[in-house]
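Comments concern the structure below.
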Amino acid sequence: MTALAGAAAVAVALSGCTGTPSEARTPEQVTGDLPGDTVEQLRGAVEHAMAATGSSGAIVGVWVPWAGAWVTGLGTTGHDTDEPVTTDMAFRIASMTRPMTCDVLYGMVEDDLVELDDPVSKWVPSTPDLGDVTLKQLCDNTSGLGRSANTLLGNVLRTPEREWNAREVAAAGLGKDRSQPGVAFTDSDTGYLLLGLALQNAASETPAALFREYVTSPLALEATALPGRKAAAPGEPALPGYYSDEADREAGCVAPRDYTTLSASFGYTDSGAVSTISELGVYTEALAARAGEGGQLAERWSGAKPVSTTSDSWYQYAGGTFIAGSMVGQQGSIPGYLTSAYADIENGLTVAVVLNNSAAPESLVGYLAKELAAIVSKVPAREGETAPEYGLPWSAEDYHQRIADRAVCPIE
């Protein structure tokens with residue numbers, strides 16, 4: 001039985017109009033492996049991205065409900081070791097934390113603790129100038145606020161063990177130019193940091209406790225969590241995470257710096273969570289199941305905004321996730337890791353992948369997830385099963401080339 005199918009009993013269905021975890025749903029995931037030629041294509045795609053990012057290892061999960069699954073570790077835990085990467089290793093899930101923070105928001109709305117249209121200033125008193133920005137806009141990334149992480153990344157790389165106050169990190173973004181809230185997508189980690197602070201203040205509970213209540217407990221996820229402030233590895237065993245120093249990128253591609261031990265306080269409710277590949281697959285499939293409502297997007301995702309004025313019409317954002325065709329998911333980086341996961345709202349096809357070097361642009365790992373999805377979208381059904389009439393608005397070849405174009409390390 002595949003990892004996703006084994007956990008299927010805890011995947012969730014839509015609850016009301018808010019799309020928060022509530023009751024069990026069993027996806028029709030068949031057991032068994034994907035065809036050998038498909039696996040070879042998938043392996044080649046991941047190894048290509050590993051080379052492009054200088055990653056010594058990767059963990060990948062691909063679940064195709066009508067055909068089977070491929071869940072594996074590739075490469076080694078470091079460039080100077082032969083220790084293989086295994087699928088039980090924990091890692092930082094970076095921006096996949098964002099939909100979890102939105103899950104908490106919508107769960108607290110159902111429990112009458114907050115309202116979507118509450119101004120940020122109501123729950124974060126230190127931001128009186130955010131009376132025109134709502135909690136929903138923070139979740140939807142339409143707050144108009146700037147980014148924080150880019151300003152502080154150098155400090156994090158120098159002192160990964162430092163414990164950060166979320167207000168301090170958010171202040172770096174609050175000091176930047178803003179656009180009008182509610183109008184357009186603006187990729188703002190600041191917004192998710194403020195959302196975490198607002199929810200913490202409204203519930204008088206820590207974000208870690210709120211994640212347990214609204215995200216991990218309903219899905220019976222045991223390795224997925226928002227860690228505390230103390231610097232630590234993402235779990236035991238952990239996939240070691242690295243960063244190739246831009247000052248000597250060529251050398252860093254074969255001898256990157258180790259950032260396995262890091263304080264999750266820097267990422268907080270934007271990018272601080274940890275998980276394993278099987279649990280990330282379960283969460284992402286459940287998220288997609290809640291995003292779909294009778295062939296349409298559920299209310300949380302219904303007001304999606306284009307990612308940019310030049311992006312494809314099928315690429316939008318709402319509810320803490322990118323919407324790529326019929327798939328929802330995220331991609332992002334945190335020192336040591338590039339992580340992405342997407343699942344289809346209509347048929348449950350799910351991909352999740354982590355690369356253990358974060359020097360490349362975070363878009364690259366999103367390209368990889370989409371490449372993997374395109375490869376398996378046309379896999380024939382296993383005997384006795386029926387493949388859906390299904391297509392994605394992109395090709396594997398397109399994203400394979402985009403990865404090559406954005407490579408930070410030599411591709412053989």
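Evaluation of residue 244 against the conditions (1) hydroxyl-bearing (Ser, Thr, Tyr); (2) under 18 Å from the mean Cα position of the chain (by Cα); (3) more than 21 Å from residue 346 (Cα to Cα) shows that the sole unmet condition is (2). Of the residues making up region 68-120, those that are over 24 Å from residue 365 (Cα atoms) and of a type in the set (A, V, I, L, M) are 104, 105, 108, 109, 113, 114, 116, 120. Taken across region 107-123, residues that are over 30 Å from residue 73 (Cβ atoms), basic (Lys, Arg) and either in contact with a strand residue (DSSP E or B) (Cβ under 9 Å, 6 or more places away or on another chain) or surrounded by fewer than 19 Cβ atoms within 10 Å (Cβ to Cβ) (or both) do occur, with at least one present.
Scanning region 398-412 for residues that are small (Gly, Ala, Ser) and either crowded, with 18+ Cβ neighbours inside 10 Å or assigned to a loop (DSSP other than H, G, I, E, B) (or both) turns up just one, 407. Please work out if residue 218 is within 19 Å of residue 270 (Cβ to Cβ) and part of a loop (DSSP other than H, G, I, E, B). For residue 218, the condition - within 19 Å of residue 270 (Cβ to Cβ) and part of a loop (DSSP other than H, G, I, E, B) - is not met. Of the candidates 224, 269, 261, the single residue that is in contact with a strand residue (DSSP E or B) (Cβ under 7 Å, 6 or more places away or on another chain) and either free of Cβ contacts under 8 Å to residues at least 60 places away in the same chain or surrounded by 19 or more Cβ atoms within 10 Å (Cβ to Cβ) (or both) is 224. Return the pairs, sorted by first residue and then second, in which the second residue is among the aromatic types (Phe, Trp, Tyr), the first residue lies in region 67-82 and is in contact (Cβ under 8 Å) with a residue 24 or more places away in the chain, the beta carbons are less than 9 Å apart, and the residues are 6+ apart or on different chains. Pairs that qualify, where the first residue is in contact (Cβ under 8 Å) with a residue 24 or more places away in the chain and the partner is among the aromatic types (Phe, Trp, Tyr), are 69/63; 70/63; 71/63; 78/242; 79/242. Is it the case, given these coordinates, that residue 300 is under 20 Å from the mean Cα position of the chain (by Cα), over 30 Å from residue 238 (Cβ atoms) and buried (at least 24 other Cβ atoms within 10 Å of the Cβ)? Yes, satisfied. Listed by position, the helices (runs of 4 or more DSSP H) contained in region 39-158 that have at least 3 residues being under 20 Å from the mean Cα position of the chain (by Cα) and not charged (D, E, K, R) are 97-110, 135-140, 149-158. Only one entry in 35, 65 is more than 17 Å from residue 241 (Cα to Cα) and buried (at least 20 other Cβ atoms within 10 Å of the Cβ), namely 65.
Yes/no per residue for (1) at pLDDT below 95; (2) assigned to a helix (DSSP H, G or I):
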residue	(1), (2)
260	no, no
264	no, no
280	no, yes
284	no, yes
290	no, yes
300	no, yes
303	yes, no
310	yes, no
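Among all residues of region 115-129, there is none that is within 30 Å of residue 358 (Cα to Cα) and of a type in the set (Asp, Glu).
Within region 369-397, track down each residue that is part of a helix (DSSP H, G or I), among the acidic types (Asp, Glu) and over 21 Å from residue 321 (Cβ atoms). Within region 369-397, just 397 meets the criteria. For region 230-258, the set of residues classified as among the aliphatic types (A, V, I, L, M), farther than 23 Å from residue 196 by Cα and surrounded by fewer than 24 Cβ atoms within 10 Å (Cβ to Cβ) consists of 238, 247, 251, 254, 255, listed by residue number. Counting the residues of region 362-389 that are of a type outside the set (A, V, I, L, M), surrounded by 15 or more Cβ atoms within 10 Å (Cβ to Cβ) and either at pLDDT below 95 or more than 15 Å from residue 70 (Cβ to Cβ) (or both) gives 6.
The values are calculated or read from the model by the stated rules, or taken from the named source; none is laboratory data. None of these values were measured; they are calculated from a predicted model. Because the Cβ atoms are built from the backbone with ideal geometry, glycine has one as well, and the counts that use them run over all protein chains shown.
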